[in-house]
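Quick notes on the structure that follows.
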Amino acid sequence: MKARRADGGWPWLFVLPTFLGVGVFYLWPLLKTLYDSFTETGPFGGSAWVGAENYTTLVADAEVYRAILNTVVYTAIVLLGIPLAVLFASLLNRPGLRGAMVYRTLFFLPYVALPTAISLVWRIIYNGEYGVLNQALKVIGVDGPSWITQPWFALVAVALLGLWMSIGFNMIVLSAGLKGIPGELYEAASLDGASRVQQFRAITVPLLTPSIFFLSVVTTIAGFQLFDQLFALLGPTNPVMPKTQSLVFLFYDAAFVGNDRGYAAAVAVLILAVVGLLTVFQFRFQRRWVSYD
C-alpha cells in the first residue's frame, strides 16, 4: 500500500503542466473576463465595480441585436457549405477517378491560406467598378452591385467567402468518413437495382451523419467567431460596417476603439453564452438524425 501511495503522485506530476496551461490560458482569462464584465474601465486605466450596468446597456443596445442577426445569417450561409462538401467529396471518392488527390488539394488550399490574404484578393474580385465578378456579370447582361459598400450585399459577400474557405476542410473530414463506409453496402445495393442517386441517399448520407454533425458544430462555433474576413474584406472605416458587423467585431470596437473594456467583456460573455447554448442544442437534438450504426 505504501508503494502504491508513493507512486500515486507521479501521474499528477506528469499532468501538472497540462493543468497549469489550462488554468493560465483558459480558466483565468474566462474568470477575468467575467469579472471585468461587471466593471467600468477609466480613461487612464483602473476599473470600478458597476454591477450589472454593462449587461443592462447590452440588452438595450440595438447594435447588439443587429450584430447577432448578422452573425446568424453569416453562419447559416457558411453551413450551406456542408451539403456542398458532401456532394463534392462523394464525387471525388468515386473509384477510378483520375487526379482525385489534385482536386482535393485544390479544394483544401483556401483553408490553409491566410484569411487576411484571401480576403484582400476577394476584395479586388468584389470591386464594384473593375472587379472580376461584376465584369463576368456584364457578359451576361447583368449590372453587378457594389458588393462591399451596400449593407446586405456586403454581408452576403463575406459569407460567400467564408463558405468557399470552409469547403476544403469539410471535404477532408467527409472524405475520411467515406473511407469508413464498407464497399459491400454499395455492391449489395447495386445487386438490388439501386441507382447511384438512391445509393447516395440511402447509404452515403446516413452513414456520413456523424461527420456532418461534427462539421455543423465546428462551423457554428467558427461562424460566431467571425472577425478577420470581415475586418480585412470590408475594412473598419467602411460605411456599411455598423450594419454588417459581427458580435466579435462589436467586441473589438468596444474594447480597442471605444476603450470600454467592461462593456466589451459583457459582449464576450454573451458570445460565450450563445455559442454554448447552440452547442448544447446541437448535441441535444443530434440523436434524432445522427446514425452511429
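The values are calculated or read from the model by the stated rules, or taken from the named source; none is laboratory data. Here the structure is a predicted model, which means the values were calculated and not measured. Glycine gets a Cβ as well: all are built from the backbone with ideal geometry, and neighbour counts include every protein chain shown. We work out accessible area using only protein heavy atoms, side chains counted, and drop any ligands, DNA or RNA first. Shrake-Rupley method; radii C 1.70, N 1.55, O 1.52, S 1.80 Å.
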Please say if region 1-105 is rounded, prolate or oblate, where rounded means a/c under 1.5 for a ≥ b ≥ c the square roots of the C-alpha gyration tensor eigenvalues, and otherwise the choice is prolate for a/b larger than b/c and oblate otherwise?
oblate
Which FRET efficiency value, to the nearest 0.05, is calculated for Leu13 and Val218 with the Förster distance at 41 angstrom and r the Cβ-Cβ distance?
0.75
The answer for Thr39, listing residues at least 5 apart or on another chain whose modeled amide H is closer than 5 Å to its amide H, is Val50
For region 26-287, size of Cβ-based charge dipole, Lys and Arg +1, Asp and Glu -1, in debye:
800
Under 5 Å between amide H atoms, partner at least 5 residues away or on a different chain: which partners does Val290 have, H built in plane at 1.01 Å?
none
Computed helical MRE - 222 nm, the chain, DSSP H runs ≥ 4 contributing -39500 (n - 2.57), nearest 500:
-21500 deg cm²/dmol
Label Arg98 and Gln282 with points 7 Å out from Cα along Cα→Cβ: what is the distance between them in nm?
4.0
By per-residue mean of other Cβ atoms within 10 Å, what is the highest-first order of 257-270, 113-126?
257-270, 113-126
Got a number for carbon plus sulfur as a percent of region 202-293's accessible area, 1.4 Å probe?
66
